[in-house]
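The values are calculated or read from the model by the stated rules, or taken from the named source; none is laboratory data. Predicted, not measured: the structure shown is a model, and the values here were computed from it. Methodologically, a virtual Cβ is constructed for each residue, glycine included, from the backbone with ideal geometry; neighbour enumeration extends over all protein chains shown.
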Amino acid sequence: MFFRDEGPVPETLRRLARALSQAGLPHVFIGATALKAYGLRRTTEDVDVCMRAADLERFRSELVGSTYLPVQGRSRRFYDPQTQVTIDVLIAGEIAGRREKQAAVRFPDPSESQVIEQIPVPSLARLIELKLVTWRLQDWADVVVLIRANNLDEQFAERLDPVVRLAYLQCYDQKVEEDRYNPEIDDLPAEEPGAGAGPA
């Protein structure tokens with residue numbers, strides 16, 4: 001159902017996007033939602049959204065307790081009582097990923113978003129930065145797939161923060177190696193990535 005945009009998670013995403021827009025709360029979706037916009041479908045059990053700290057307070061006062069409910073012990077986690085899906089709110093401007101390794105890449109401000117299929121998501125470059133600064137193998141594997149799905153090249157590294165350029169090039173080299181040993185990968189049908197996903 002997830003891959004057909006059906007089920008509790010896609011429903012929660014649509015309900016949240018509508019509620020935030022109606023309340024005038026700027027936001028940008030990251031996580032699996034953003035991956036899907038750029039051609040990588042990943043199953044997930046929650047929805048990740050970035051907003052400014054002041055807008056999180058408005059979200060709490062205007063929507064939490066009625067449309068959404070808090071999760072005890074997690075100040076920025078909520079859930080949709082209709083779908084039982086959790087929503088994690090990340091604060092725009094806060095350091096993303098592993099803070100002991102970097103402080104340059106931060107969660108995106110809603111003003112940086114671009115709308116793909118009526119959902120605000122980060123640019124492809126910002127999404128890749130967010131994936132790389134976790135220094136987790138699964139996130140780097142996602143970058144390999146994003147490189148392939150969006151036909152990115154080595155020069156795309158120049159669009160990234162210097163702190164992750166080497167990591168991007170390592171992912172690019174991994175993509176090249178995978179394609180060399182598994183040439184059929186390029187022959188598989190791929191989901192059409194979001195508009196404007198390729199290098200400028």
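Checking each residue of the stretch 58-76 against the condition of being buried (at least 21 other Cβ atoms within 10 Å of the Cβ) and either outside any strand (DSSP E or B) or of a type in the set (D, E, K, R) (or both) gives at least one match. Of the residues 49, 9, the single one that is under 23 Å from residue 126 (Cβ atoms), buried (at least 20 other Cβ atoms within 10 Å of the Cβ) and at pLDDT below 95 is 9.
Can you spot a residue in the stretch 88-111 that is outside any helix (DSSP H, G or I), polar (S, T, N, Q), at pLDDT 95 or above and over 20 Å from residue 33 (Cα atoms)? Quick ask: steps written out before the conclusion?
Step one: filter the stretch 88-111 for residues outside any helix (DSSP H, G or I), giving 88-109.
Imposing the further condition that a residue be polar (S, T, N, Q) reduces the set to 102.
When the remaining residues are screened for being at pLDDT 95 or above, the result is 102.
Subsequent filtering for residues that are over 20 Å from residue 33 (Cα atoms) retains 102.
Within the stretch 88-111, one or more residues are outside any helix (DSSP H, G or I), polar (S, T, N, Q), at pLDDT 95 or above and over 20 Å from residue 33 (Cα atoms).
Summed over the stretch 9-42, the residues that are under 14 Å from residue 114 (Cα atoms) and either in contact with a Leu (Cβ under 6 Å, 6 or more places away or on another chain) or of a type in the set (Val, Ile, Thr) (or both) give a count of 6. Restricted to the stretch 21-41, and to residues there that are at pLDDT below 95 and part of a loop (DSSP other than H, G, I, E, B), the residue that is nearest to residue 144 (Cα to Cα) is 40.
When residues in the stretch 160-192 are screened for being farther than 18 Å from residue 139 by Cβ and either at pLDDT 95 or above or not small (Gly, Ala, Ser) (or both), 16 of them pass.
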